[in-house]
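Trainee: Please find one structure pasted underneath; my questions will follow.
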Amino acid sequence: MPEESKVGMSDSLFSPRSVAVIGASGHPEKVGYALLFNIKKTFTGRIYPVNPAGEDILGLPSFKSVSDIKGDVDLAVVAVPASAVAVVIDECGRKGIKAVIVISAGFKEMGPQGLTAEEEVLMVAKKYGIRVLGPNCLGVIDTSTPINATFASVAARRGNVAFMSQSGALCSAILDWAGKEGLGFSKFVSLGNKADLNENDFLEMFEADKNTRVVLAYLEGLIDGGAFMKNARSLIKKKPLIVLKAGRTESGMKAAASHTGALAGADAAYEAAFRQSGVLRADTEEELFAWSKAFSMQPMPKGGKVAVVTNAGGPGILATDALETAGLSLASFSAETINRLQKNLPPAANFHNPVDVLGDAAPERYRFALDTVLKDEGVDAVIVILTPQMMTKVEETAKQVSEAASKSKKTVIASFMGGALIAPGETYLREHQIPNYEFPSTAAKSLMAMVKYDMLRRREPGKPAPACQNKDKAEKIISACRKRGDVVMGPEAFDVLSLYGIETPKMKLAQTAAEAKKMADSIGGPVVMKIVSPEIIHKSDVGGVAVNVSLDRVEDTFDRIVLNARNYLPSAQVQGVLVQEMIQEGKEVIVGVSRDPHVGPLVMFGLGGTYVEVLKDVSFRIAPFSESDARDMVDEIRGSRILKGVRGEPPSDIDALVDVLTKISRLASDFPQVLELDVNPVKVFPAGGRGCVAVDVRVILAQGG
């Protein structure tokens, strides 16, 4: 969306001067009543109820049609039957309205007939340059304007969190929960069916919004993964983006013909997109909002060194475990800090981290300990734990914690543990911008999210692999295969890899046993022999592969491989047998590509061999990606220690492997007609040796020329 239209759209949706409620109703059980009630209660601009009866509604004069309104209208909120929405949008267009929220349901969520109706609505909207939110949505809230253009029964508190959701029902529940937790929103958006405006538009709007400090999203899918990644990368330089993505376990590519396709599943592409663009992915609703409290209330920590102040030893140990599990560390106190604590705390207290101020700690003892550790230069953040004992003054302690935090620029998070006994303290903390968590582990994970975000926003994006100078030659090879109707590329796939600068073994295609012998002699034995047939994808399964073939066994092996193939599939077109240099050294890894319809080319990396689909020790990235992304892919798998050398083995050539990964990512990005690609195995030699050799490759092409 161009900058000018983005600003204009944001103003029309979130801070309009006038609103028409089309389908307004005087019946309290109707959606049109709830919409008008909420808008009238919050909005100080001009409100125009639209109802065919033309009667006064909620004390406001109504209009039979939007065209009867005399003044300008910035925003229309539509709640009429689905069959009437297209006509209403046409009327809005003739009135000059540029932003419409379609609350009405009954569109593509209902099936093919509903999809047709939704497409008609969108076609009419485009005719007039109208931007549409929905249909089938709850609406929007802006707490600064203010305006509540939803039919939710609970209002949003004013705050600095922007939230968007594909689920309207979840929106209502979250508003209720947020009210209880004291979480405030700057903007609140129900995306609905995303016929027009989608998550990418709102990422841009939220980035520009001065009232938004943190962005949350509940998403079930992405309209344009590439645009999402671009917008997310831009947004996180200024404010964190936390996403809860539903559908993690949904079955993905059901008929994948490669290892990569089988391993990618439904969620790997989204996980890779989020990771590469700096998105913090929450696994649960609890995490989504636990993290948001920390971001919305506290300053960012400068590092991951944490101090713990507690009045109970057990929770302090739990906090320590949780911090280390989350990837953070206990801060080491300076000698000055330890001396001050030792001189002023009871002898039974613990003066090292975690600081145990003991169960009888008065509020002033908490204050002293907290002030002391906050002044230590080796401390980036503090978790304050309180368990309610008979003598504990919970609310007074909360006041002391809040005052100490207000005088420091460091992050302070609380875990006042309990129920009714700690409620007054929890309320005080919340009112003074100290997030409180029921358990220390939740506090630790929320702090981890802050530290991780700070690292992500400071990370410099690497440069993708440079363009391939031989792309045109590779394109001719791929085009020729597709024109022949090949779904699986033959030995030409090795030629494409070579053009992209990836080393392959010496090889030749033999049509007869005698040719195979001659070729093997020229290569030098032993050799690998593989059947070449577009109909036979998994060669090993049919006896179509022989390894470590000595020169005197080449002709017999040729005949046996061809016979196995014909017995397996008599109709198969056998193009010959590939005679290939036997690569015996090096560690085996797999590099693959599959194509996600929403996110794009997905590159996979893992240790190679026959067990890759069982162990699933793999990492993913969206192509094209940078050298630093490729190094992260290598580091992420558990087997990376094997590649880096164990038990005296020399380390593998990681630099060469990174080079292969980036070149494959460029190839995948250059050719959308490559649906799947497996380079399995890639042999990785010890550092300083041959580098990497792509021993076998399988490429699945999209049909057509």
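Quick note: the coordinates plus some simple rules give every number you see, no bench work behind them. Since the structure is predicted, the reported quantities are computational estimates derived from the model, not experimental observations. In this analysis, Cβ positions are derived from the backbone assuming ideal geometry, glycine residues included, and neighbour counts consider all displayed protein chains.
Trainee: With only Lys, Arg, Asp and Glu charged, each at its Cβ (+1 for the first two, -1 for the last two), find how big the charge dipole of the chain is about the Cα centre; round to the nearest 20 debye.
Mentor: Around 1140 debye, computed over the chain.
Trainee: Over region 523-620, what is the relative contact order in whole percent, taking alpha-carbon pairs under 8 Å and six or more residues apart?
Mentor: 26
Trainee: Just to confirm my numbers, what's the Cα centroid distance between region 337-357 and region 637-705 in Å?
Mentor: With region 337-357 and region 637-705 each reduced to a Cα centre, they are spaced 54 Å.
Trainee: Please list, or write none, the lysines whose alpha carbon is within less than 21 Å of the alpha carbon of K518, excluding same-chain residues fewer than 8 places away.
Mentor: Those lysines meeting the cut-off are K506, K508, K530.
Trainee: Going down the list K238/K407; K305/K393; K663/K683; K587/K644; K476/K663; K210/K410, which pairs span over 21 Å between their C-alpha atoms?
Mentor: K238/K407; K305/K393; K210/K410
Trainee: Tell me the Rg and the Dmax, in Å, that the Cα atoms of region 3-246 produce.
Mentor: In Å, with Rg to one decimal and Dmax whole: 16.8, 51.
Trainee: Can you give me the C-alpha center-to-center distance between region 59-116 and region 445-484, rounded to a whole angstrom?
Mentor: Centre-to-centre (Cα) distance: 42 Å.
Trainee: Which of the lysines could be linked to K95 by a straight reach, that is with a Cα gap under 29 Å, when you skip same-chain ones fewer than 8 residues away?
Mentor: By straight Cα distance, K95 reaches K6, K30, K40, K41, K64, K70, K108, K126, K127, K187, K194.
Trainee: Something else: Got a sec to turn the phi values of region 419-434 into Karplus ³J(HN,Hα) couplings, 6.51 cos²θ - 1.76 cosθ + 1.60 with θ = phi - 60°, whole Hz, x for Gly and Pro?
Mentor: Once θ is set to phi - 60°, the couplings for region 419-434 become x, 4, 5, 9, 4, x, x, 4, 4, 5, 4, 4, 5, 10, 6, 10 Hz.
Trainee: Another question, if that's okay. Which listed residue (V87, F107, F202) has the Cα farthest towards the positive end of the charge dipole for region 3-246, taking +1 on Lys and Arg C-beta and -1 on Asp and Glu C-beta about the Cα centre?
Mentor: Of the candidates, F202 comes out farthest on the positive side.
Trainee: If amide H atoms are built 1.01 Å from N in the plane of the peptide, which residues on other chains or at least 5 residues away come under 5 Å of the amide H of N311?
Mentor: Counting only residues 5 or more places away or on other chains, the set is V357, I385, T387.
Trainee: Over the chain, what is the relative contact order in percent, taking alpha-carbon pairs closer than 8 angstrom and at least six residues apart?
Mentor: 9
Trainee: Run the quick spin-label model on E324 and R459: label points 7 Å from Cα toward the beta carbon, then report their separation in nm to one decimal.
Mentor: Roughly 2.6 nm, to one decimal.
Trainee: Additional query: Identify the trypsin sites (Lys or Arg not before Pro) of region 20-65 meeting these criteria: DSSP loop state and at most 10 other C-beta atoms within 10 Å of the C-beta.
Mentor: Answer by residue number: there is no such site.
Trainee: Same structure again: Using only alpha carbon positions, build the gyration tensor of region 587-701, then give the equivalent ellipsoid semi-axes as the square roots of 5 times its eigenvalues, largest first, whole angstrom.
Mentor: 23, 14, 13
Trainee: Turning to a different aspect of this structure: Got a sec? How would D495, D696, D472 order by Cβ neighbour count within 10 Å, fewest to most?
Mentor: Exposure proxy ranking, most exposed first: D472, D495, D696.
Trainee: Another question, if that's okay. Counting only GluC sites (Glu not before Pro) that are in a DSSP loop and have at most 14 other C-beta atoms within 10 Å, tell me the longest site-free stretch of the chain.
Mentor: 56-219
Trainee: Let me ask you something else. Could you run the Karplus curve 6.51 cos²θ - 1.76 cosθ + 1.60 with θ = phi - 60° over region 500-514 and give me ³J(HN,Hα) per residue in whole Hz, x for Gly and Pro?
Mentor: So the Karplus estimates, Gly and Pro as x, are 8, x, 9, 5, 10, x, 5, 7, 8, 9, 10, 9, 9, 5, 5 Hz.
Trainee: Report the extension gain between R690 and L615 in nm, rounded to one decimal, defined as 0.36 nm multiplied by the number of residues separating them, less their alpha carbon distance.
Mentor: Result: 24.2 nm gained on full extension.
Trainee: Skipping prolines and chain starts, which residues have an amide H placed within reach, meaning under 5 Å, of the one on F63, given they are 5 or more residues away or on another chain?
Mentor: HN-HN under 5 Å from F63: V50, N51.
Trainee: Turning to a different aspect of this structure: Ranked by Cβ crowding within 10 angstrom, fewest neighbours first, how are V306, V394 ordered?
Mentor: Ranking V306, V394 by Cβ neighbours within 10 Å, fewest first, gives V394, V306.
Trainee: Can you compute the modelled spin-label distance between H352 and R158, with each label point 7 Å from Cα toward Cβ, in nm?
Mentor: In this crude label model, H352 to R158 measures out at 5.0 nm.
Trainee: Right, something else. Between D472 and Q342, how high is the FRET efficiency from 1/(1 + (r/R0)^6) when r is the Cβ-Cβ distance and R₀ = 60 Å? Nearest 0.05.
Mentor: 0.20
Trainee: Counting only DSSP beta bridges with both residues in the chain, what percent are antiparallel, rounded to the nearest 5?
Mentor: Of the beta bridges lying entirely in the chain, close to 50 percent run antiparallel.
Trainee: In percent, what relative contact order does region 587-701 have, based on Cα pairs under 8 Å that are 6 or more apart in sequence?
Mentor: With pairs under 8 Å counted, the relative contact order is 31 percent.
Trainee: Tell me the label only: which of (i) 1.14; (ii) 1.03; (iii) 1.07 is Rg/Rh (Cα atoms, Kirkwood Rh) as calculated from this structure?
Mentor: Correct label is (iii).
Trainee: Amide H neighbours of K644 under 5 Å, counting only residues 5+ apart in sequence or on other chains, H built in-plane at 1.01 Å?
Mentor: S652
Trainee: OK, next. Under the Karplus relation 6.51 cos²θ - 1.76 cosθ + 1.60, θ = phi - 60°, what is the ordered set of whole-Hz ³J(HN,Hα) values for region 533-542, x standing for Gly and Pro?
Mentor: 8, x, 8, 10, 8, 8, 5, 4, 5, 10
Trainee: Restricting to DSSP loop positions (anything but H, G, I, E, B) with no more than 12 other Cβ atoms inside 10 Å of their own Cβ, which trypsin sites (Lys or Arg not before Pro) remain in region 621-705?
Mentor: R638, R647
Trainee: N548 versus Q113, label points 7 Å from Cα toward the beta carbon: distance in nm?
Mentor: So the two model labels end up 6.6 nm from each other.
Trainee: What number comes out for the charge environment of A423, summing +1 per Lys or Arg and -1 per Asp or Glu over other residues with Cβ under 12 Å away?
Mentor: That sum, taken over residues with Cβ under 12 Å, equals -1.
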